[in-house]
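Comments concern the structure below.
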Amino acid sequence: MPKKRPVAIALAGALCLVTAACTDSSTHTDGVADGKAAAAAANTGYPVTLENCGVSEEITEEPGRVVVMNGASVAEVSTLLALGVQDRIVANQQTYGMSEVAGRAAAIKALPTGDVKLNDAYDIPREAMIGLRPDLVLSTTSYGFDERNGFATREQLGAVGANTYVSPQGCDQDTSRMTIADSYTLLRDLGKVFDRSDEAEKIIAASEKHIAEVAAKVKGEKQPKVMVLFSNMAMGGNDFSSVVAKGIYNDILAKAGGSNAFENASKTSFADLSKEKVAATDVDALVVIGYNDPNPAAYAKKLLKEFPQWPAAKTNTYVALSDSMYLGPSNDLAVEKIAKALHPDKV
């Protein structure tokens with residue numbers, strides 16, 4: 001597992017290169033070794049600099065002690081798995097318990113957690129984070145580095161030798177503008193960080209090809225109105241407070257030949273709706289997202305029974321999804337599954 005070189009050694013090497021003063025009986029041998037090291041560094045593409053939420057992060061070598069914060073996400077850990085660098089993870093707090101990708105949920109469950117006692121925000125507190133001795137910490141949003149929430153700040157982590165990264169659209173914690181392109185940005189950024197850019201581009205190209213093929217099949221078709229919500233989850237004061245209004249979900253729906261029935265119900269990512277508002281809206285299909293819910297399909301069937309006036313209830317049209325509907329490397333799977341439900345004669 002890669003480790004950081006001691007700062008003193010790195011500085012000594014730099015001074016030798018600048019001053020050419022390191023001359024002794026081993027000059028020739030050391031020169032050959034330095035040449036090989038420089039060639040190896042050139043081949044890996046390090047150092048890598050990322051401009052991330054106003055912070056310039058320079059990664060000088062492949063991270064070997066990665067901590068993945070919870071953030072109610074699996075985007076980051078799924079991306080690391082897709083890139084094949086899961087052995088770099090020393091602590092992961094992300095899990096949904098299910099996935100559209102075969103084997104992914106089990107692979108996430110098998111990752112080390114760092115045996116950390118989580119704080120009230122269900123994430124890694126400052127002292128425990130420092131104790132993990134990370135060289136890279138991933139957070140879905142800037143919330144994970146906010147000192148007011150009991151977390152280690154980016155500055156504090158930098159002081160102990162850890163780089164930090166906030167995923168796309170997470171700087172201001174407003175995910176309402178998120179699109180599938182942000183999933184690709186996450187792949188590209190972590191591909192650079194781990195010297196896996198080729199792998200990242202292959203995943204992106206396959207996803208783009210898959211989505212384009214599905215979108216072509218449903219192009220020009222009438223777009224059913226879809227209600228997207230989280231199963232058995234409350235986020236506000238009304239009966240339906242986990243209904244999606246904006247964000248990556250709408251981009252996925254559009255590619256699948258659908259539209260969000262509640263897109264205009266809120267200016268933020270989620271709408272907090274009364275039962276009356278939901279009942280009065282024509283819903284042609286349901287997309288129910290399971291967040292640590294083992295049976296989101298059961299919740300979908302319950303809603304269809306509760307609102308028999310919906311076109312969706314009359315046609316029994318619903319899709320139960322998990323991680324492919326979020327930021328992450330598998331949005332193409334959500335596009336295909338939704339398109340099949342909305343346009344079964346086309347896909």
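Taking the accessible area of the chain, probe 1.4 Å, and keeping the other protein chains in place, the carbon and sulfur fraction comes to 53%. Select from Ala245, Ala128, Ala320 the residue whose mean-square fluctuation is largest in a Gaussian network model of the chain (Cα-Cα springs shorter than 10 Å). In this elastic network of the chain, the residue with the biggest mean-square fluctuation among Ala245, Ala128, Ala320 is Ala128. Other residues whose C-beta falls under 12 angstrom from the C-beta of Lys217 contribute a net charge of 0, scoring Lys and Arg +1 and Asp and Glu -1. Within the assembled protein chains, the solvent-accessible surface assigned to Ile130 is about 60 Å², based on a 1.4 Å probe. Comparing mean-square fluctuations of Thr164, Thr281, Thr185 from a GNM of the chain with C-alpha springs under 10 Å, the top value falls on Thr281. When the surface is traced with a 1.4 Å probe over the full set of protein chains, Lys202 keeps roughly 150 Å² accessible. Among (i) 19.4, 63; (ii) 23.4, 89; (iii) 19.2, 66, which is the computed Rg and Dmax of the Cα atoms in Å? Read-out from the structure maps to (ii). What helices in the chain pass both tests, a Cα length along the helix axis of 24 Å or more and a mean Kyte hydropathy of -1.0 or higher, using whole DSSP H runs? Going by DSSP H runs, the hits are 27-44, 197-218.
When the C-alpha to C-alpha distance is required to be over 20 Å, the pairs from Lys275/Lys305; Lys222/Lys301; Lys222/Lys340 that qualify are Lys222/Lys301. In terms of the mean number of neighbouring beta-carbon atoms within 10 Å, the peptides 76-86, 108-118 order highest first as 76-86, 108-118. Of all DSSP beta bridges confined to the chain, the antiparallel ones make up roughly 30%.
The alpha carbon gyration tensor of segment 143-276 gives principal lengths a ≥ b ≥ c with a/c of 1.5 or higher and a/b no greater than b/c, which makes the shape oblate. The order of Leu286, Leu342 by accessible area, most exposed first and with a 1.4 Å probe, is Leu342, Leu286.
The values are calculated or read from the model by the stated rules, or taken from the named source; none is laboratory data. What you see is a predicted model; the values in this text were computed from it and never measured. Please note: Cβ atoms are built from the backbone with ideal geometry, for glycine as well, and neighbour counts cover all protein chains shown. We work out accessible area using only protein heavy atoms, side chains counted, and drop any ligands, DNA or RNA first. Shrake-Rupley method; radii C 1.70, N 1.55, O 1.52, S 1.80 Å.
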